[in-house]
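Structure, as structure tokens:
The values are calculated or read from the model by the stated rules, or taken from the named source; none is laboratory data. All values reported here derive from a predicted model rather than from experimental measurement. Cβ atoms come from the backbone with ideal geometry, glycine included; neighbour counts cover every protein chain shown. These accessible areas exclude ligands, DNA and RNA; they are computed on the full protein's heavy atoms, side chains included. Shrake-Rupley method; radii C 1.70, N 1.55, O 1.52, S 1.80 Å.
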Amino acid sequence: MKIPIYQIDAFSSRVFSGNPAAVCPLEAWLDDESMQSIAAENNLSETAFFLPDRDHYSIRWFTPVSEVRLCGHATLASAFVVFNHIEPACRRLVFESASGPLPVLKKADMLSMDFPALPPSPCTCPPALAQGLGRQPETVLCSEDYLAVFKSQDDIVALNPDFEILKKLDMRAVIATAPGEEADFVSRFFAPDYGINEDPATGSAHCTLAPYWSRILGRKKLRAQQLSKRRGEIFCEDLGNRVLISGRAIEYMQGWISL
């Protein structure tokens, strides 16, 4: 069996930046073990698998160690593959997922994903959070992840996490964020329990970041930067119960998987 595979750098217009995702269009679902093995072999933060489902597409995402319910950059990468290789005349598509329907709109080179909002609520800072990040946040909130808010962009750049300590936390991941210098806000994303010590550019984190910063800054439309080594540029719009997460993508590689 031969399965097509693409590697797409999401949330960037330049290769070797943004967040690389593997994308595998399928004609029928593989068994879970095979999809997990492919994701482990790819050893990227996410591998997306999708297939046609009536007039939509069904999509699933796997890290090297587990399946996840929502992934932004691999959804953006999958939409890029559809728009550029499968349905070049298409300008809007919908992925059916474990997190519900996820529409994606193409306008020029910008892809906009309509995702569920996950606004954070204040919570107590667990000792392992500050210990694992190496410094005390000014504020801590949580949704599906801990949101650690710092004073400045320099604080975010300076973080040198202890991932073994962060693995002990009871949330999916840790989002560290602060006001930006060139963007409205900046962030970094740590998910060692999912096999991803630091994710380069995390769309799903902005389901939490956009509602938070929209309230703090008093604006619905926001520009964000993720300050990993590869960097990522994300544009957000707070729609209330939904968040519009937009970015660019570029193809790095395509080929075949032989099973």
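The single condition among (1) assigned to a strand (DSSP E or B); (2) open to solvent by 10 Å² or more (accessible area, probe 1.4 Å); (3) more than 25 Å from Phe62 (Cα to Cα) that Leu244 does not meet is (3). Selection of first residues in the stretch 192-211 that are closer than 17 Å to Lys229 by Cα and of second residues that are assigned to a loop (DSSP other than H, G, I, E, B) and polar (S, T, N, Q), restricted to Cβ pairs under 7 Å at least 6 apart or on distinct chains, gives the following pairs, ordered by first then second residue: Ile196/Ser45; Ile196/Thr63; Glu198/Ser228; Asp199/Ser45; Pro200/Ser228; Ala201/Ser228. Within the stretch 156-178, can you find the residues that are assigned to a strand (DSSP E or B) and either touching a residue at least 40 places away in the same chain (Cβ under 8 Å) or at positive phi (or both)? Across the stretch 156-178, the qualifying residues are Val174, Ala176.
Inside the stretch 90-155, counting only strands (runs of 3 or more DSSP E) that do not spill past its ends, which hold 3 or more residues that are surrounded by 18 or more Cβ atoms within 10 Å (Cβ to Cβ)?
On the way: elements: 92-97, 100-107, 110-116, 139-142, 146-149.
Hits in the stretch 90-155: 92-97, 110-116, 139-142, 146-149.
Each residue in the stretch 1-36 was checked for being outside any strand (DSSP E or B) and at pLDDT 95 or above, and 19 of them qualify. You will find that of Ser78, Ser121, the residue that is within 30 Å of Phe150 (Cβ to Cβ) and not aliphatic (A, V, I, L, M) is Ser121 and no other. Residue count for the stretch 43-78 satisfying the condition of being touching an Asp or Glu at 6+ places or on another chain (Cβ under 8 Å), among the acidic types (Asp, Glu) and under 27 Å from Arg91 (Cβ atoms): 1. Look at the stretch 66-92: where a residue is outside the structural domain of Pro103 (by the TED database) and closer than 16 Å to Tyr6 by Cα, no partner that is among the charged types (D, E, K, R) and open to solvent by less than 20 Å² (accessible area, probe 1.4 Å) sits 6+ places away or on another chain with Cβ atoms under 7 Å. The set of residues in the stretch 247-259 that are part of a loop (DSSP other than H, G, I, E, B) and surrounded by 13 or more Cβ atoms within 10 Å (Cβ to Cβ) contains only Arg248.
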